[in-house]
């Protein structure tokens, strides 16, 4: 019956704070009513049996390029966004930033046009990774399209983007204070990445308001004992949060474990996932457990967020509760979305049910079973 309650029972519920048993998650409409005892379940509620599995908040991925068979940069259309969103939600990612790496301004504008009046309950907005990066740390980004930041160009970009653009990866050493202030004034979450910043340059960027770091250790100045670079500045910052790709390929699992120990609640998961594509600026070739450019350059992961959580637990000694926070409440908090990433009264009813093998069994998006 429309508007009636749904009760998810017989599960181990992760509220965002703790794992609890012998409680049901009660939903009504698009929101969570609360975590309740069996006696509090309304008589007319639809019962969903979690069969002893885990009931957790939907995953939040702030950096993903595509899903299904679509890469957004190769197909910046609403049709592609529909397929990407549908595939991601089924995998457990109920909130995501569609990401576009360095590209021509024409393709970036096509993406902005597609996003202009597009709405999907899982889409948080656009994460623009580039084109204002350091070519020395470009990774898979084509040098021909990397640009020096100019205030007039970025002002125009912000005007065209409207509210679609939510996050940007920038090389802080390439930016002057005025342009950083401009981006922050427009509410853009800035993340340092594809950067050859020294410790001092990175620390200055954090002091100016850069609040995140993109795929820690990948495509950035290395952590060296005489110059700790961007990773060292991240560790020493009291404020900057860092994303990390937990596939054991982009970073070793020991690097993940060490980073977690140093950063604690400032480390969060992204997938950085792409799909195989042979058109557009990027040619991503699937190599069985990763994607590369045709020349072998590592270009993106084959992760899902569920797999990233499992890898944290299985290979880096991170407790399940903490791995789940890295995939839910930590990224949600970073973007100020306190209605996401937790199971509590008033939160959005985005939920993932999975089993002991980390296999997603069912997903709820705004209270609707997917």
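Structure above, values below:
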item	result
Fewest-first sequence of 118, 282 by Cβ atoms within 10 Å of each Cβ	118, 282
Rounded to 5, percent antiparallel among DSSP beta bridges of the chain	50
Stretchable slack from residue 18 to residue 118, in nm (0.36 nm times residue separation minus alpha-carbon distance)	32.4 nm
Estimated FRET transfer efficiency when R0 is 30 angstrom, pair residue 82-residue 49 (beta carbons, to 0.05)	0.45
Theoretical FRET efficiency, 1/(1+(r/R0)^6), r = Cβ-Cβ of residue 278 and residue 156, R0 41 Å, to 0.05	0.80
Per-pair calculated FRET efficiency, R0 = 56 Å: residue 38 and residue 225 via Cβ, rounded to 0.05	0.45
Binned Cα-Cα distance frequencies in region 59-334 - 10 Å width, integer %	7, 32, 40, 20, 2
Highest-MSF residue in the chain out of 13, 79, 213 [GNM, Cα springs under 10 Å]	79
Within the chain, helix-based [θ] at 222 nm, where runs of 4 or more DSSP H residues each add -39,500 (n - 2.57), nearest 500	-8000 deg cm²/dmol
Most fluctuating residue given options 152, 164, 95, as computed from a GNM of the chain linking Cα atoms under 10 Å	152
For region 101-168, projected area of the alpha-carbon convex hull averaged over all directions, nm²	4.8
Cα gyration tensor shape for region 213-370, rounded if a/c is under 1.5, else prolate or oblate	oblate
Relative contact order %, region 59-334, counting alpha carbon pairs below 8 Å whose residues are six or more apart	18
Evaluated at q = 0.13, 0.18, 0.25 Å⁻¹: base-10 log I(q)/I(0), Debye formula over Cα of region 1-88	-0.59, -0.82, -1.10
Most mobile of 311, 357, 338 in a GNM of the chain (Cα contacts under 10 Å)	357
Burial ordering of 166, 261, fewest other beta-carbon atoms within 10 Å first	261, 166
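None of the figures in this text is laboratory data; all of them are computed from the coordinates on show. The structure displayed is predicted, hence computed values, not measured ones. All Cβ positions, glycine included, derive from the backbone under ideal geometry; neighbour counts span all protein chains shown.
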